[in-house]
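Asker: My questions all concern the structure below.
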Amino acid sequence: MGERMQAVVLSESGGIDKLVITELPIPSTRPGYVRIRVKAFGVNESEVTSRKGLSDPDFTMPRVLGIECVGIIDEASTGSGLAPGQQVATMMGGMGRSLDGSYAEYTLVPTTQVIPFQTSLPWEVVGALPEMFQTAYGSLTKGLAIERGQSLLIRGGTSTVGLSAATIAKEMGAVVISTTRRAEHVALLREFGVDHPIVDDGKIAKAVCAHFPKGVDASLELVGGRTLQDTLQATRVHGTVCFTGALSDEWVIPDFSPLGYIPFGVRLTAYGGGAADLPPSVFNRQLLAVADGRLKAPIAKVYHGLEGVRDAQADLEAGTTPGKHVVVLD
């Protein structure tokens, strides 16, 4: 019998009690893959969705959940360009859905989705970053092509991606408007560099236009179909709205008619990329910016050991503390 490891396995959908710590074989490397010794991982909304049985058909069980992690290369296939002991991040690419993911002591992932880095930041800080920084950075660059001096609206600003997008956009030189449904979170938005926080009552286009009469240059939609039309109305002619997330769980717009829905001249796009959209040079630059205090890592709470996964998912689902819930494997 080969070496064994501990992992959190989901065998049937349901509550957090369905997340069961199980002993499994340590995965064997094969061509095109590397094995990572997991040091930390963020817990994400999509993993809660998977646990509830609401994922797309590509999700199968039993499954080790977890769409991202940071850790150390344990074993690499020949020609991978990676070496044991190297610090790396990985995310997406079927992790925790069609492939076993990061809720484990070891995970096996395709070489193509591995991001090498070097940092002295604690694992709980680095572990919070990959998926939310990748999503925020990809949305701002591939989705919106943000340029210095442009105005940006973030709809769903206290989400992990929203907070990350604010701090990255400020580093890129943008003027940021961001929304929260709770007045008590306005100070948090300011802490992450937001120039103009807005309390979202479902209709914010007029409030945005009070700051930018013609509308903002770019908008990042993270709430979903419920607010998209209002976000479009807050965006100037020839500005762009990028649909990246659906915190409201409304991904589909019933009876969608482009002529009646999209203001003339406003552009609508979407983003849903992966590790390839966060080049190692960019991620390492972001880590330096975090270490220097120029970027902030929005961490809600840190949990230790696989035993903390259930609490992390429960706290994330409760939604009382903005920021990333991070599990560290000591």
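Please treat every number below as a calculation from the coordinates, not as lab data. All of these numbers come straight from a predicted model, not from anything done at the bench. Heads up, the Cβs are rebuilt from the backbone with ideal geometry, glycines too, and the neighbour counts pull from every protein chain shown.
Asker: Using per-residue counts of other Cβ atoms within 10 Å, averaged over each peptide, order 276-289, 56-69 from highest down.
Answerer: 56-69, 276-289
Asker: Classify the stretch 35-120 as rounded, prolate or oblate, taking a ≥ b ≥ c as the square roots of the eigenvalues of its Cα gyration tensor: rounded when a/c is under 1.5, otherwise prolate if a/b is larger than b/c and oblate if not.
Answerer: On the way: a/c = 2.49, a/b = 1.86, b/c = 1.34.
Prolate shape, in that a/c is at least 1.5 and a/b is the bigger ratio.
Asker: For n ≥ 4 DSSP H runs only, could you compute -39500 (n - 2.57) per run for the chain, divide by its residues and tell me the 222 nm figure to the nearest 500?
Answerer: -6500 deg cm²/dmol
Asker: Something else about it: Roughly how many whole Å is it from the C-alpha centroid of the stretch 174-214 to that of the stretch 288-305?
Answerer: Using only Cα atoms to place each centre, the spacing works out to 23 Å.
Asker: Please label the shape of the stretch 230-321 as rounded, prolate or oblate, based on the square roots a ≥ b ≥ c of the eigenvalues of the alpha-carbon gyration tensor (a/c under 1.5 means rounded; beyond that, a/b larger than b/c means prolate, else oblate). Don't skip to the answer; put the middle values down first.
Answerer: On the way: a/c = 2.65, a/b = 1.53, b/c = 1.73.
The shape class here is oblate.
Asker: Please report Rg over Rh for the stretch 132-270, where both radii come from the alpha carbon positions and Rh follows the Kirkwood definition.
Answerer: Ratio of gyration radius to Kirkwood radius for the stretch 132-270: 0.93.
Asker: What whole number of Å gives the distance from the Cα centroid of the stretch 77-95 to the Cα centroid of the stretch 106-156?
Answerer: 16
Asker: Right, here's the next one. Positive end of the dipole of the chain, charges at C-beta (+1 Lys, Arg; -1 Asp, Glu), about the Cα centre: which of 90, 133, 25 has its Cα farthest in that direction?
Answerer: So the residue we want is 133.
Asker: Taking neighbour counts of Cβ atoms within 10 Å as a proxy for exposure, in what order, fewest first, do 103, 303 appear?
Answerer: With the fewest neighbours first, 103, 303 line up as 303, 103.
Asker: Which translational diffusion coefficient, to the nearest whole µm²/s, is obtained for the chain from the Stokes-Einstein equation, given a Kirkwood hydrodynamic radius over C-alpha pairs, 10 °C and 1.306 mPa s?
Answerer: The calculation lands on 78 µm²/s.
Asker: Gain in length, residue 118 to residue 253, computed as 0.36 nm per residue apart minus the alpha-carbon separation, to one decimal in nm?
Answerer: On the way: separation 135, 0.36 × 135 = 48.60 nm, distance 4.28 nm.
Stretched fully, the residue 118-residue 253 segment lengthens by 44.3 nm.
Asker: Residue farthest toward the positive end of the dipole of the stretch 132-270, with Cβ of Lys/Arg at +1 and Asp/Glu at -1: which of 268, 210, 159?
Answerer: It is 210.
Asker: Could you give the size of the charge dipole of the chain about its Cα centre, using +1 on the Cβ of each K and R and -1 on the Cβ of each D and E, expressed in debye and rounded to the nearest 20? Show your work: numbers first, answer last.
Answerer: On the way: 29 positive and 35 negative charges, 166 e Å.
Roughly 800 debye for the chain.
Asker: Only bridges whose two residues both fall in the chain count here: according to DSSP, what percent of them are antiparallel, nearest 5?
Answerer: On the way: 33 of 60 bridges.
DSSP beta bridges in the chain are roughly 55 percent antiparallel.
Asker: May I pose another question? Give, in nm to one decimal, the length gained when the segment between residue 199 and residue 318 is fully stretched (0.36 nm per residue of separation minus the Cα-Cα distance).
Answerer: 40.8 nm
Asker: Which of the peptides 136-147, 216-227, 245-256, 198-209 is most tightly packed, and how do the rest follow, going by the mean number of other Cβ atoms within 10 Å of each residue?
Answerer: Packing proxy ranking, top to bottom: 216-227, 136-147, 198-209, 245-256.
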